[in-house]
1. Stokes-Einstein diffusion coefficient for the range 124-204 at 4 °C in a medium of 1.567 mPa s, Rh from the Kirkwood formula over Cα pairs: what value in µm²/s?
2. Whole Å is fine, so just give me how far the alpha carbon centre of the range 73-111 lies from that of the range 157-195.
3. For the range 61-156, what is the accessible area per residue in Å², given a 1.4 Å probe and the full set of protein chains?
4. For an R0 of 35 angstrom, estimate the FRET efficiency from the Cβ-Cβ distance between Ala27 and Arg232 and round to the nearest 0.05.
5. Rounded, prolate or oblate: which fits the range 171-216 when a ≥ b ≥ c are the square roots of the eigenvalues of the alpha-carbon gyration tensor, with rounded for a/c under 1.5 and prolate only if a/b beats b/c?
6. Going from the alpha-carbon gyration tensor of the range 70-152, what semi-axes, largest first and in whole Å, does one get by taking the root of 5 times each eigenvalue?
7. Please report, in cubic angstrom per residue, the volume enclosed by the convex hull of the alpha-carbon atoms of the range 1-59.
8. Cα-Cα over 18 Å: which of Lys52/Lys108; Lys78/Lys219; Lys215/Lys258?
Amino acid sequence: DSLRLFKREQTIIIAIAELSEQITPLAVSQYLTELAEVVLHAVYELACITLKGQYGIPQCTVEGVTREANFAIIGYGKLGGREMHYQSDLDVIFIHDSAGSNQITSGKKTIDNGVYFARLAQKIISLTSILTSSGKLYEIDSRLRPEGAAGLLVSSDHAYLQYQLNKAWTWEHQALVRARQVGGSPRLESTFQEMRRRILSIERDPHKLRQDVIKMRVKISQNKAPKEDQYRNLKYSKGCMVDIEFMVQYWTLLHANKVSSISTYSDNIGLINELFRLDLISSEQS
């Protein structure tokens with residue numbers, strides 16, 4: 001409830017600053033994103049305290065060295081792209097780096113690390129999305145994980161990478177364009193950044209990539225776009241926000257294998273600026 005009160009207060013402060021034109025719309029999105037990250041970090045810490053009290057610390061032994069196994073929260077969509085608005089939910093997945101042997105917790109009551117991390121993720125989702133008398137923090141959507149809703153709630157970093165390299169659809173790589181670590185252990189941040197760079201840098205057939213992106217855009221249009229020109233939806237109608245996002249994702253997946261700096265950005269503005277800087281796109285009409 002304290003977190004819910006904190007989030008509500010900070011949201012009101014941001015809204016007042018926006019209405020009084022003290023901050024730009026872009027700054028609003030950035031502040032709302034930072035607020036979500038602060039809340040997620042607090043929820044992660046609370047969940048860790050509870051589980052460590054029960055089971056101890058997750059550990060593993062790799063090449064004869066015992067170390068703590070780490071856990072990360074990866075943000076996708078509006079959260080990953082730093083484009084949160086007031087009603088945004090949180091698109092997240094969870095990964096860990098437990099490997100080797102003796103993958104168990106250190107407490108008096110030991111459990112397998114995989115079970116520990118699954119319970120940690122479930123605890124984070126519950127603390128964030130459960131409805132109390134003070135409302136809820138955020139809705140959590142974790143369906144972008146490998147294999148979707150049918151897949152494991154938490155994946156190892158190795159399993160995540162192998163899935164993305166060998167089994168993922170193009171639309172999953174499109175989603176990865178807007179992904180970054182937003183919570184959990186900072187020790188996994190560089191690991192995820194390198195995995196993301198490697199996946200985005202896959203060399204792709206331009207024609208197949210274009211067709212895959214178009215097919216997904218058509219599918220979204222069929223499900224989301226307004227019918228019979230009833231009104232113009234600034235997100236889903238032709239020529240609006242989703243079209244811009246899909247073009248940016250297409251250009252990123254097309255060029256990231258040649259220019260690594262593109263994969264350092266996860267927000268549309270940063271990606272567009274970098275694509276312009278590199279002369280990979282132009283404002284001139286063709």
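The values are calculated or read from the model by the stated rules, or taken from the named source; none is laboratory data. On a predicted model such as this, the values are computed, not experimentally measured, just so you know. So basically every Cβ, Gly included, is an ideal-geometry build from the backbone, and we count neighbours across all protein chains shown. Just so you know, the surface numbers come from the protein's heavy atoms only, side chains and all, with ligands and any DNA or RNA stripped out. Shrake-Rupley method; radii C 1.70, N 1.55, O 1.52, S 1.80 Å.
1. Taking Rh from Cα pairs, D becomes 91 µm²/s.
2. The range 73-111 and the range 157-195 have Cα centres spaced 11 Å from each other.
3. Accessible surface, normalised per residue, equals 46 Å².
4. With R0 = 35 Å, the Cβ-Cβ based efficiency is 0.85.
5. Values: a/c = 6.00, a/b = 2.25, b/c = 2.67.
Judged from the Cα gyration tensor, the range 171-216 comes out oblate (a/c at least 1.5, b/c at or above a/b).
6. 27, 17, 10
7. Working: hull volume 3.8 nm³, N = 59.
Measuring per residue, one finds 65 Å³ for the Cα hull of the range 1-59.
8. Values: Lys52/Lys108 11 Å; Lys78/Lys219 20 Å; Lys215/Lys258 25 Å.
Those over the limit are Lys78/Lys219; Lys215/Lys258.
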